[in-house]
Amino acid sequence: MSGEKHRLTNKGNWYESKEYAEYSTFSPNGKQVAYVWFNNELSHELRLVGIDGSESRILSSGPSEMDHAPWPRAWSQDGKYILALLGKKDESLERGHEDHIVLVSVADGSVRTLKSLGERHTRNMSLSQDSRYVAFDLEVKEGSEKRDIYLLATDGSGEVPLVEHPADDWAPYWTPDGHGIVFVSDRSGSTGLWMLDVVDGEPMSTPTQIKETGDRFYPKGFTPNGSFYYGVGKPDSDVYVAALDFDTGRVLTPPTKTSLRFEGTNHAPIWSPDGKYLAYASRRGTGGGYVLVIKSVQTGQERDLSPKSLGMAAAHAWGTPRWSPDGRSILVAGLAKGAPPRNRGLHLVDVQ
């Protein structure tokens, strides 16, 4: 590897064009890339391009009855098909569309639906080496933070649950030999990488832990030689307190972390009107859900508030909380449980 890089697409900066690429995946021979091209908010295309930027073509576009073109997740090993997620408009559903697991023909762009997911949503899918099975994670119920893992036969013969557990199990990847599934789970109390033996579409063992990874873990998948690649997010924000002399602008005491819990995930601090409490948002787990933390200045005690009426996974939109003048409530911006994804609003959280 030379370390050199070159552009496969180039529409300039955001001032020159609002178009951009996302959701990309390499072909098995490494000579092409499949990706989604966003022309605008309502127009998407599944495209192919050579790694030298040549032979670019539109494989499938999102017609009016679809929310988007197929979003690629994996190629078949023979390079003939692309496993993708396709969303079709369905106004009868609360989220406004229904996701479909599909196979897209590389030759002519035709789409074959393998499964319709209804109210529930999947984030990750993987195609077996022989293209017989799709492993995918799926919400336990619509809007749930917990997922289980299922196995779907591409010939339409059926579907079986692979991993059913109270934990959050997600991101299944087939091992290069096709005899197992590696997935992410928090069943041990912290996030880790687990493995399950699979033979002819049936689980043959109980999952075993391969590696403890921590919450900020981003799986990327296998190389042909069996190496598993992943990213690890670094802590990005913390809440500090320091004493200042506002008359002179001098720092009287150096900044110290307010909390050593969930380091790197705390932000948006604000003092209560009487100065006795500090409220801030804190992320919990890989899914990005947030809670409100109320810390007593006098005792150092911390309380986590997770309002029952707010969807935890959507709480990253809370922004900066605001205390009421009497200190009894905190105002947050968030998504009510069961509400459409864009239907955010203002909510008062009772501090007690």
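The values are calculated or read from the model by the stated rules, or taken from the named source; none is laboratory data. Quantities reported herein were computed from a predicted structural model and do not represent experimental measurements. Every residue, glycine among them, receives a Cβ derived from its backbone with ideal geometry; neighbour counts consider all protein chains shown. Protein only, heavy atoms only, side chains kept; ligands, DNA and RNA dropped before computing areas. Shrake-Rupley method; radii C 1.70, N 1.55, O 1.52, S 1.80 Å.
R0 = 45 Å: FRET efficiency of Asn39 with Val232, Cβ-based, nearest 0.05? All intermediate terms of the calculation are to be shown ahead of the outcome.
On the way: r = 34 Å, r/R0 = 0.75.
For R0 = 45 Å, the calculated efficiency reads 0.85.
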Among Ser259, Leu103, Met125, whose Cα sits farthest toward the positive end of the charge dipole of the chain (+1 at Cβ of Lys/Arg, -1 at Cβ of Asp/Glu, about the Cα centre)? Ser259
Note down the nm distance, to one decimal, between modelled labels 7 Å out along Cα→Cβ at Arg322 and at Thr253. 3.0 nm
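Apply 1/(1 + (r/R0)^6) to the Cβ-Cβ distance of Asp155 and Leu260, taking R0 = 51 Å, and write down the FRET efficiency to the nearest 0.05. All intermediate terms of the calculation are to be shown ahead of the outcome.
Numbers: r = 53 Å, r/R0 = 1.04.
It comes out at approximately 0.45.
For the ranges 199-212, 267-280, what's the packing order if you count other beta-carbon atoms within 10 Å of each residue, average per peptide, and put the highest first? List each step's numbers first, then the result.
Numbers: 199-212: 12.4, 267-280: 16.3.
Taking the mean over residues of other Cβ atoms within 10 Å, the ranking is 267-280, 199-212.
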Within region 130-144, backbone nitrogen closer than 16 Å to the virtual label 7 Å beyond the Cα of Arg120 toward Cβ: 134-144
Cα Rg, Dmax, the chain, angstrom units: 23.5, 76
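Which sequence of Val111, Val134 reflects their accessible areas, 1.4 Å probe, from the largest down?
Details: Val111 65, Val134 0 Å².
I get Val111, Val134, largest accessible area first.
How large is the dipole of the chain about the Cα centre if only Lys and Arg carry +1 and Asp and Glu carry -1, each at its Cβ, rounded to the nearest 20 debye?
Values: 39 positive and 46 negative charges, 176 e Å.
It works out to roughly 840 debye.
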Can you find, among Val160, Pro219, Ser144, the residue sitting farthest towards the positive end of the charge dipole of region 132-277, where Lys and Arg contribute +1 and Asp and Glu -1 at Cβ? Pro219
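Can you tell me the dipole magnitude for region 219-305 around its Cα centre, using point charges on the Cβ only (Lys, Arg +1; Asp, Glu -1), in Debye to the nearest 20?
Working: 10 positive and 8 negative charges, 65 e Å.
Dipole size: approximately 320 debye.
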Once label points are set 7 Å from the Cα along Cα→Cβ at both His267 and Thr206, what is their separation, rounded to one decimal in nm? 4.0 nm
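Given the Cα-Cα distance of Thr299 and Val140 and 0.36 nm per residue of separation, how much length would full extension add, in nm?
Working: separation 159, 0.36 × 159 = 57.24 nm, distance 3.95 nm.
So the chain would gain 53.3 nm between Thr299 and Val140.
How far, in nm, would the chain grow between Ala243 and Phe26 when pulled straight, counting 0.36 nm per residue and subtracting the alpha carbon separation?
Details: separation 217, 0.36 × 217 = 78.12 nm, distance 5.28 nm.
Residue separation times 0.36 nm, minus the Cα-Cα distance, leaves 72.8 nm.
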Can you give the extra length, in nm with one decimal, that the chain gains between Thr9 and His179 once fully stretched, where that is 0.36 nm per residue apart less the Cα-Cα distance? 57.5 nm
Charge-dipole axis of the chain as Lys and Arg at +1 and Asp and Glu at -1 on Cβ define it, positive-most pick from Ser306, Trp71, Ala243: Ala243
What is the percent carbon and sulfur in the accessible area of the chain, measuring with a 1.4 Å probe over the protein chains and ignoring ligands? 50 percent
Suppose every Lys and Arg Cβ carries +1 and every Asp and Glu Cβ carries -1, with no other charges. What dipole size does region 112-258 come out with about its Cα centre, to the nearest 20 debye? 360 debye
